[in-house]
Amino acid sequence: MATKATVIKMKVHFELNTPNGLRRVIFGLEKDATSGTTVTWTINFQLFERAKKTDPYGDAIVTLDVEVDKALNAKAEKAAKGLTAGQSAHALGPAADDAKAAEDGEIDQEDAQQTVQNTLKKK
Amino acid sequence: MRSKFPLRLWAAARVVLLLSCVAAVCLAQTEKPKVIEQDQVAGSCEGIDLEKAGFTVRNIRMDDPFDFLPWVKARQKRAAAQITALIKDKPFTYSDAADKALEIIENENFLPDTSDARVKFRLEFVTVANCMNGNVDLIYRIYSTQIRPVLSARPEERVKERETPQDPAGQTTVVAASPFHFTPIASYDSTNLLSGGGRFEFRPRKFWKLPLKSASIQGEASPRMHNVVAALEGAYDSEVEAGGGWLAHAEWMLDFAHYSLPTGAGDIRGGHLTANFSGVTKPLFNGNVSLRFGGSVEGGNRQTELGSLILAPDTVPNAGFGMVKLYGAMDSRFRSHIFSASYGLELGSVGAAARVDWHKHILDARHQFWYSLGNHHLLDVESRFTLGRLRVPGTVPLPERFFGGRNEEFLIANDDWQIRANPVIRAIPGNRFFQTDEGAGGRDFFSYNLTAAYGVWRATLVPEELTTDDDFKSELEGAITTVTSTLQNYYSSKDPHYNNVVSQLPAMQTALNDLKTAVAATETSHGDQFADQFKACTRAVNGALRRINSAITPQGADPFGLISSVLSDDPDEIQLLKVNQACEVDLNGALHDANITALTSRVETLRKAMTAEFGQIDAERAQKRATADLAFTRRTLNTLFNDVNIYSISPVFVFDVAKIGPFGGTRYGPGAGIRFELATTAHFTLGYAWNVKRGPGEGRGNIFFAIGVRDLFH
């Protein structure tokens, strides 16, 4: 008799588009239960830009993978079931801004990663 | 015989070994409580570190609800072949089984690119099962979909969900795939006999520089009839997360049609050129209703091979004509219901004249209800009520009068908006229901058609393991919640109070720049004194300034989120509140510099004004509007996930009532049949309806038969 399957990895990709249609954020949440007893959450953050709405989006201009602080695991679990308005605003606002600033060398990569992770804390 | 020393050594070794084993077990229990399958259901993989326990990959499987589509299947096969080569019959490693395998799946891009606005999301699961005899099976589940947000309220779309679920799920608008599409069609009744044909469509990514999306030609013919339509179509979709205007979708079409249809007593024929436009509003009234509207101009000719047909008064057998049509509809979609009512007005003239020789009014109302009795055994009930009235102040070509029967005629040539314009009764062959007191063709009619089907045998589109998985269901729902949240922010950004905040950004920018300059000048004059306080103040000012600058001239971010964050009191944020604390309280508390006090006070006054204004944004209203906009999308997703079958065989019960006037009589047509639907590949209905109150020259009943086959170029 077949037994219940056990999830060892799960990925959810949310696509967020800015109202002007020129920027897109893919906010991916990855749950990793491959290390046995511990669960690790990672945020895959990607920012895309285009000059005109009729142009296709090319490759991501910024890609950040942020391993979520274990203390935020419960919030990550909740966010995987849908981002709130505050989280969406943060992902498209400060997170995207800092990701771009880090890419341009204006701020440290760790600061940008922290801002991306802060998305989970938003209500 | 062993010596004493070796015996002692042996005993010591045993103790060390025993202690090592105990330590190893303890360590293993600390890090990984289970490395082999013990104390659990046989075959369960729960809590086992498969890599450390030395499992081997026995088998892999990929689950995608849309793998019945050849192009999805092809991608799945490619991915499966690569994953098989990577891990099958090899020692299990989490890196290969999860990370690398998912990378292969993502590279195959299971969600095709689309050219229109959709709500998109993707879920991927890697699961392990059947951990027995040192072997494990791997299952990869992918669920990706992209739904057009508003159009799903139309009853025409509901039929597509059932017959071709890949269309509403956004699995077909594949930009990179062939732009050519061909769909065979066939049907039978005793007037038209067996007819066959097809629809050929050319749908390139860009139609040169023309505002068009496709060119198509559709034809159907039998030894007794033909019907050909060639069309050029264009469309516009508003961005999903851009909210804003009331128009969700618009389309325009130029088409040429030619037909010849037998009536049993003579033939009616026509050819015409039509230009039409139609639009769909965003959902209104809390997301429960959307409106459609449109208009067309048409010119051509109508001809009749009279045979034994008797001409009614004010009716001509052959004529050129011009027509203007105006039409509107109201659609509403709930969890298990769709209601739609369309009204159409046709104003026509014989010849190219600016007068009204006839006017036609059509009301076409539809109700669809579906409910799963048991798991995916769908009871599907469709009712349709159509009313038509023709008034002739001048003359009218005979084919413009009402001819009824099994066939459907539509007021406009648009697959996505079908306003039925003739009395339909499946018990009478096509166009044979037309005899009235004043001659051939009705001036008034009504018809009511009930079709009920129950899926006795079926296979669910989404695997039952997923439809019963609560986590999966909530994550699926979460994707729509996320889009709703983004849309809510958009509507908040359209609030007048938000505009008032935005208008104060330049003043805040100036105030922060002035403060920055003043702090820098004061720092120079103080040497190393209060270095930490100066640093904290400068950092706070620079952070706030960076956010304000980005909000004024966005670099990579959306201003709403930036403003929301900089005005917040969240200590994790770069916020204006920190400027006052770092510069006025902490730094100037020691310096007592009047200029810095004045400048921080300016920043603080502006911050308070902006925060107060931002707080007045009606978030509840924005949330309601966003929820309303996505209501149809949420309901479509529910239908795709919970109701749609990959195949189903259903007994069908039909009951029709139709009346044609003046004094053409009322007919009743109960019937039964069978429907077979194989999602995307074919749908087939065969049945018989009895004409229980037949008129002169009419048969006892009619076999109705229709078949649709999938797009052969995919």
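The values are calculated or read from the model by the stated rules, or taken from the named source; none is laboratory data. Computed from a predicted model, the values in this text were never measured in an experiment. So basically every Cβ, Gly included, is an ideal-geometry build from the backbone, and we count neighbours across all protein chains shown.
Summary table
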item: The lone exception for B:L379 - which of (1) at pLDDT below 90; (2) part of a strand (DSSP E or B); (3) under 19 Å from B:F433 (Cβ atoms) it fails; result: (3)
item: Residue selected from the range A:96-106 under the condition more than 8 Å from every other protein chain (Cβ to nearest Cβ) and not charged (D, E, K, R), by the criterion farthest from B:L567 (Cα to Cα); result: A:G105
item: Which numbered condition B:V392 fails, given (1) modelled with pLDDT of 90 or more; (2) under 29 Å from B:L193 (Cβ atoms); (3) surrounded by fewer than 24 Cβ atoms within 10 Å (Cβ to Cβ); result: (2)
item: The range B:320-348 residues that are in the same structural domain as B:W370 (by TED's automatic domain parsing) and closer than 25 Å to B:T304 by Cα, paired with ones that are among the basic types (K, R) and at pLDDT 95 or above (beta carbon under 6 Å, 6 or more apart); result: B:E346/B:K325; B:E346/B:K360
item: Answer from B:I362, B:I310, B:I268 - the residue that is over 40 Å from the mean Cα position of the chain (by Cα) and hydrophobic (A, V, I, L, M, F, W, C); result: B:I310
item: Residues of the range B:445-467 satisfying the condition of being in contact with a Leu (Cβ under 7 Å, 6 or more places away or on another chain) and closer than 30 Å to B:G307 by Cβ; result: B:F446
item: Number of positions in the range B:402-411 that are part of a loop (DSSP other than H, G, I, E, B), within 32 Å of the chain's Cα centre (by Cα) and within 24 Å of B:I703 (Cβ to Cβ); result: 4
item: Single residue of B:A341, B:A275, B:A354 found to be assigned to a strand (DSSP E or B), farther than 22 Å from B:N449 by Cβ and of a type outside the set (S, T, Y); result: B:A275
item: Set B:G279, B:G307, B:G271, B:G300: member being touching a His at 6+ places or on another chain (Cβ under 9 Å), without any contact (Cβ under 8 Å) to a residue 60 or more places away in the chain and surrounded by fewer than 16 Cβ atoms within 10 Å (Cβ to Cβ); result: B:G271
item: Which numbered condition B:V541 fails, given (1) surrounded by fewer than 17 Cβ atoms within 10 Å (Cβ to Cβ); (2) of a type outside the set (G, A, S); (3) away from chain A (no Cβ under 14 Å); result: (1)
item: Qualifying residue in the range A:48-69 (condition: at positive phi and at pLDDT below 85); result: no
item: Residue that is farthest from B:R602 (Cα to Cα) [pool: residues in the range B:549-572 that are surrounded by fewer than 22 Cβ atoms within 10 Å (Cβ to Cβ) and out of contact with any Ser or Thr (no Cβ under 9 Å at 6 or more places or on another chain)]; result: B:Q555
item: Tally of residues being aromatic (F, W, Y) and over 15 Å from B:V501 (Cα atoms) across the range B:540-587; result: 0
item: Filter pass, B:K516 being more than 14 Å from chain A (Cβ to nearest Cβ) and either more than 29 Å from A:A112 (Cβ to Cβ) or not acidic (D, E) (or both); result: yes
item: Selected residue (only one of B:A672, B:A689 is modelled with pLDDT of 90 or more, part of a strand (DSSP E or B) and closer than 30 Å to B:A440 by Cβ); result: B:A689
item: Given (1) touching a Leu at 6+ places or on another chain (Cβ under 6 Å); (2) modelled with pLDDT of 90 or more, index of the condition B:I268 fails; result: (2)
item: Top-ranked residue of the range B:530-558 - restricted to ones that are modelled with pLDDT under 90 and touching a helix residue (DSSP H, G or I) at 6+ places or on another chain (Cβ under 6 Å), ranked as nearest to B:S485 (Cα to Cα); result: B:D558
item: Criterion (within 25 Å of B:E465 (Cα to Cα), basic (K, R) and either within 7 Å of another protein chain (Cβ to nearest Cβ) or out of contact with any helix residue (DSSP H, G or I) (no Cβ under 8 Å at 6 or more places or on another chain) (or both)) met by exactly one of A:K11, A:K31, A:K53, A:K70; result: A:K11
item: Count of residues meeting criterion [assigned to a strand (DSSP E or B) and at pLDDT below 85] in the range B:43-69; result: 3
item: Of all residues making up the range B:523-580, the number that are among the hydroxyl-bearing types (S, T, Y), part of a helix (DSSP H, G or I) and within 27 Å of A:R23 (Cβ to Cβ); result: 3
item: Sole exception among (1) part of a strand (DSSP E or B); (2) at pLDDT 85 or above for B:F684, by number; result: (2)
item: So B:E106, is it assigned to a helix (DSSP H, G or I), in contact with a strand residue (DSSP E or B) (Cβ under 8 Å, 6 or more places away or on another chain) and either at the interface with another protein chain (Cβ under 10 Å from one of its Cβ atoms) or at pLDDT below 80 (or both); result: yes
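Yes or no, residue by residue, for (1) more than 14 Å from every other protein chain (Cβ to nearest Cβ); (2) of a type in the set (A, V, I, L, M); (3) over 46 Å from the mean Cα position of the chain (by Cα):
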| residue | (1), (2), (3) |
| --- | --- |
| B:Q529 | yes, no, yes |
| B:G561 | no, no, no |
| B:A582 | yes, yes, yes |
| B:D586 | yes, no, yes |
| B:L591 | yes, yes, yes |
| B:T600 | yes, no, yes |
| B:K608 | yes, no, no |
